[in-house]
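The values are calculated or read from the model by the stated rules, or taken from the named source; none is laboratory data. The model shown is predicted, which means the values in this text are computed figures rather than measured ones. Here the Cβ positions follow ideal geometry from the backbone for every residue, glycine too, while neighbour counts run over all protein chains shown. The area values use the complete protein model at the heavy-atom level, side chains included, leaving out ligands, DNA and RNA. Shrake-Rupley method; radii C 1.70, N 1.55, O 1.52, S 1.80 Å.
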Amino acid sequence: MPEPDADLDLPPSPEHYVTRILDVVRRRADAPVLRWRDQDVSGTSLAASVHATAAALRDLGLRPDDTVGILIGGNRPATLTTRYAAHLLGASVVHVSGVTPGTSGPGLSLDAQARMLREANASVLVTDEEHAERAAGLRDVLPGLRLLTAPEGSEPAAGSPAAAAAPRRPRTANVTYTSGSTGRPKGVCMPFEGWNATVLWAASAVPSGAAITFLAVSPLSHSVGLVVDIMIAAGGTVLLRDGFDAGTVLRDIARHRVTGTMIGVPNLYALLDHPDLPHTDLASLRQLLYVGCPASPARLARALPFLGHALTQNYGTTEAGRITVLSPADHRRPDLLDTVGRPSPDVAVRICDPDSGRVLGPDELGEVCVRSTNMMTGYLDDPDLTARVLRDGWLRTGDLGRLDAEGYLRLSGRIGDVIKAGDVKVYPAEVEHVLAGHPDVVDACVYAYRDDNGLEQVHAAVVPRPGGAYDADALRRHVAAAMTAKHAPVVFVRCDRLPVAASGKVDRRQVRRLGLLHPRSGSEHPS
Ligand code: AMP
């Protein structure tokens, strides 16, 4: 994603982003705008699909400010064309496919999907063949729900390409479900105007004539959906893949001359560990966006020789969208590798005392609070939680951090994850950075363990370097020397790799469970 000018403000735009996309793809009539599996979707075909889907939705009685549920497996063209059609008609969308980041496991239960559709007040559910049975089950429990089957692959949807009516604008672009830290998925309402303005502005900021081939491996239902819109609106081609596989990503980059992609931090590590990395041609890559959880400065330093020209970190949340950017140029300064970069210029960030709300100064640790055009308007049907998170136009992220004098943000973990080890507050992200800086450690996750007396201890799951001299006592000494003895994990759980949720983030709940499966005494429990 390009960087905005310094004092850019993003006012609502009179233009509709889907109209821009349709204009751009019509000009690219025969060019592949999407590549899905082995099929190309031309500009003409994409535009026809959007119009046909819009006509079909209208025939089903969809009205402005209704909601369209989307239950489509993987990153398919129809996931995008359904959203474009819904937004043209002034309706919002809710994805219930089960790959929504924040949920892990094989998929969402019927009950969970029914709750999401009910809460979002969905009147139509667009589905694919694979989910036809589940969709019918959902209609049984939500009798008013109408079903529409999306085309399987690159074919335009059936139905007449209706004459384009004046595009409408929903209040909410999409309701994104996130499990957050409480477990019960919450519906996050993202405003249409923020999405619209961001796509239009960012697409216009891309230098004209720049060839773009973007590789989408994370779910289109989440933040990559916005990036994909920007790339299409800027005249690019998008390769749609159903998930991340390091070898396939490297092959795709070389074979399709990929210019940009977006992956989770654990996926970045998987790329770095892949034996094909050193001899893969990565010259086409201009932006490798990595997102979602803390990245180890030591591992980033090791990535520089291969990927330094493209490495771009974003810090963001479902609720706030993108908050900060660590650019490729920033990556060349070793002192910045433990930061998440500077606030994106269309986002205001301040650090506040989590209890009193007082605004804190440079280098003071507090809660990261955000204000931007593209942040949520609230949680669906949860005014109490909304009021706790949105205050005076500022969104509380629940993340702890400090801004330095240059405006770079360093994060110390989530407020709820802070470990109270006796009289010391231990911020897991800081200990993880130190552990991952040890030559025998590949990755680490630090978490609180409550002992029989109800007191919190620092525990860590670590992935040792293959062939390295793993020694829990040495790691403990390493942390104690870099921080204090109180920060040194009491228990180490050794594992081959940290569990990763569907979101591409380290799954902390799973890590905790992994730790609990092992006996409590002793200092190291090999897994
Ligand atoms: P989600 O809403 O599922 O996208 O999760 C958002 C949370 O992920 C944030 O509140 C942070 O705790 C964490 N996060 C996202 N990006 C980063 C990053 N670049 N570095 C550290 N933590 C991050």
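Numbers below:
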{"read-out": "Theoretical FRET efficiency, 1/(1+(r/R0)^6), r = Cβ-Cβ of R63 and K425, R0 56 Å, to 0.05", "value": "0.60"}
{"read-out": "Antiparallel %, DSSP beta bridges [both residues in segment 418-526], to 5", "value": "65 percent"}
{"read-out": "Carbon and sulfur %, accessible surface of segment 418-526 computed with the full protein complex present, 1.4 Å", "value": "51 percent"}
{"read-out": "Helix-derived mean residue ellipticity, 222 nm - over the chain, DSSP H n ≥ 4, -39500 (n - 2.57), to 500", "value": "-8500 deg cm²/dmol"}
{"read-out": "Gain upon complete extension [D404, A387; 0.36 nm per residue less C-alpha separation]", "value": "3.2 nm"}
{"read-out": "Cα-centre dipole for the chain with unit charges at Cβ (Lys and Arg positive, Asp and Glu negative), debye to 20", "value": "240 debye"}
{"read-out": "Cβ-Cβ FRET estimate between L455 and A329, R0 fixed at 35 Å, reported to 0.05", "value": "0.20"}
{"read-out": "For the chain, share of DSSP beta bridges that run antiparallel, in % to the nearest 5", "value": "55 percent"}
{"read-out": "Amide N of segment 309-335 lying under 16 Å from the label point, which is placed 7 angstrom from the Cα of A283 along Cα→Cβ", "value": "309-310"}
{"read-out": "For segment 244-414, fraction of C-alpha pairs farther apart than 30 Å, in %", "value": "25 percent"}
{"read-out": "Per-selection Kirkwood Rh - segment 418-526 (Cα, Å, 1 d.p.)", "value": "13.8 Å"}
{"read-out": "Residues of type lysines that K425 reaches as a straight line, Cα spacing below 20 Å, ignoring anything fewer than 8 places off in the same chain", "value": "K486"}
{"read-out": "Simple spin-label estimate for N121 and R171 in nanometres, 7 Å along Cα-Cβ", "value": "0.7 nm"}
{"read-out": "For the chain: Kirkwood Rh in Å [reciprocal of mean 1/r, alpha carbons]", "value": "24.0 Å"}
{"read-out": "Point-to-point label distance, S13-A480, nm (Cα→Cβ direction, 7 Å offset)", "value": "5.8 nm"}
{"read-out": "Simple label model, 7 Å out from Cα along Cβ direction - R251 to A31, nm", "value": "2.7 nm"}
{"read-out": "Straight-distance crosslink candidates among lysines, where the alpha carbon sits under 20 Å from K186 and sequence neighbours closer than 8 are dropped", "value": "K505"}
{"read-out": "Convex hull per residue volume in Å³, alpha carbons only, for segment 342-414", "value": "88 Å³"}
{"read-out": "Segment 162-299: C-alpha gyration tensor shape, a/c 1.5 cut-off, then a/b vs b/c", "value": "oblate"}
{"read-out": "Kyte-Doolittle at least -1.0, axis length at least 18 Å by Cα - qualifying DSSP helices, the chain", "value": "43-59, 192-205"}
{"read-out": "Largest-first ordering by accessible area, 1.4 Å probe, given options F306, F492", "value": "F306, F492"}
{"read-out": "Student exercise, segment 256-346 dipole from Lys, Arg, Asp, Glu Cβ charges, in Debye to nearest 20", "value": "160 debye"}
{"read-out": "Heavy atoms of Y379: accessible area, 1.4 Å probe, square angstrom to 10", "value": "20 Å²"}
{"read-out": "Sequence ranges 28-38, 380-390, ranked by mean other-Cβ count within 10 angstrom, highest first", "value": "28-38, 380-390"}
